[in-house]
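Have a look at the structure below before the remarks.
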Amino acid sequence: MKKIIVLLNMGGPNNLDEVKLFLTNMFNDKYIIGAPQPIRAMIAWLITTLREKEAKHNYSLLGGISPIVGHTKRLVQQLKKELNTDVFYVMRYTPPFADDIMENLCKYDEIFAFPMYPHYSQTTTKSSMEDFMESAKKYGIEEKIKTIDSYYDNELYNKAIVERIKQAMDGVDTKEYDLIFSAHGLTQKVIDKGDLYQKHILANAEATKKELQKEGIEFNNIHLAYQSRLGPMKWLRPYMSDKLTEFKDKKVLIYPISFTVDNSETEYELDIEYRELADKIGIADYKVAKAPNHHPYFIEMIKQKWEEN
């Protein structure tokens, strides 16, 4: 029996020419913009038109490609070595799409679709899985697919987070720093409808705190804030931009708790945009930790879930 893994993620532009495609597909997702068609398509066109130039500029500062691409490819290669099996990846909004690889998956007996989202949300996990299953049904292989909803509370996963925090704080007294978990924001409206994302984020923060305690790592204090809000609607609070104003003349470490692999929201928004804000506020030292990426603990956790399923 041949069993494989397919990593599912949101995606990011493979080049600057794909920025428009990325934005258009993202804002056409019914779980991102809840309006019915054709209104959703009109909203997507408007947002893309307004944001494309700025987004291209931001991606150009990252080398003209989303960091998610390289990190995902490296993770795929490491998993192939560790599991001695074929590993694929698909993106929700940029190539490779599910339809691009589905024909190649027909020859396998079992397909473990692994969402690269540790916290369940309809805007991420559900959207990616629905898209993947719809594609699989075209080939009649949907029965071969198994998946999981979340893993924010997995010990190995939280060990990977702690290791990234330790790497960022190498040789530095952590007690002099405040740790801020930065989570991708969602509209309050989505949460009020029962989305589990916020509950999972809060539980993830607590699980990571426990792992830090096991390692004897102490920060001055630990906080949670939300980044990446868009538009006039009410989003989850506190906003990262507001939270940072509390740390004038203080030292902070930011950990991107929403993300398994680094992307534009970690390497541009957190490490460039918010760093500039931190300088304006007068934060004494501003550090950003890496996401798990292809850390051995993260790979071990994926292997564990693969074997369980």
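Overview of results
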read-out	value
Residue match in region 218-228 (condition: in a loop (DSSP other than H, G, I, E, B), of a type outside the set (A, V, I, L, M, F, W, C) and at pLDDT below 95)	yes
Within region 80-107, considering residues that are among the hydroxyl-bearing types (Ser, Thr, Tyr) and surrounded by 19 or more Cβ atoms within 10 Å (Cβ to Cβ), the one farthest from ASN25 (Cα to Cα)	TYR89
Test result for LEU202, in a helix (DSSP H, G or I) and within 23 Å of the chain's Cα centre (by Cα)	yes
Single condition SER182 does not satisfy, out of (1) assigned to a strand (DSSP E or B); (2) without any contact (Cβ under 8 Å) to a residue 60 or more places away in the chain; (3) within 18 Å of the chain's Cα centre (by Cα)	(2)
Within region 168-197, tally of residues that are under 16 Å from LEU236 (Cα atoms), buried (at least 19 other Cβ atoms within 10 Å of the Cβ) and polar (S, T, N, Q)	2
Residue in region 28-35 that is touching a residue at least 60 places away in the same chain (Cβ under 8 Å), assigned to a loop (DSSP other than H, G, I, E, B) and of a type in the set (Phe, Trp, Tyr) present	yes
Candidate set: region 59-75, residues that are touching a residue at least 60 places away in the same chain (Cβ under 8 Å) and surrounded by fewer than 17 Cβ atoms within 10 Å (Cβ to Cβ); chosen: the one farthest from PHE298 (Cα to Cα)	LEU61
Residue satisfying condition, being at negative phi, surrounded by 15 or more Cβ atoms within 10 Å (Cβ to Cβ) and part of a strand (DSSP E or B), within set LEU253, LEU212, LEU244	LEU253
Out of GLY194, GLY216, sole residue that is out of contact with any Asp or Glu (no Cβ under 7 Å at 6 or more places or on another chain) and within 22 Å of GLN122 (Cα to Cα)	GLY194
Options ILE141, ILE111; residue that is buried (at least 23 other Cβ atoms within 10 Å of the Cβ) and out of contact with any Asp or Glu (no Cβ under 9 Å at 6 or more places or on another chain)	ILE111
Among (1) part of a helix (DSSP H, G or I); (2) small (Gly, Ala, Ser); (3) touching a Phe, Trp or Tyr at 6+ places or on another chain (Cβ under 9 Å) - the single one GLY11 does not satisfy	(1)
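The values are calculated or read from the model by the stated rules, or taken from the named source; none is laboratory data. Because the structure is a prediction, the values reported are computed rather than measured. Positions of Cβ are generated from backbone atoms using ideal geometry, with glycine treated the same way; all protein chains shown enter the neighbour counts.
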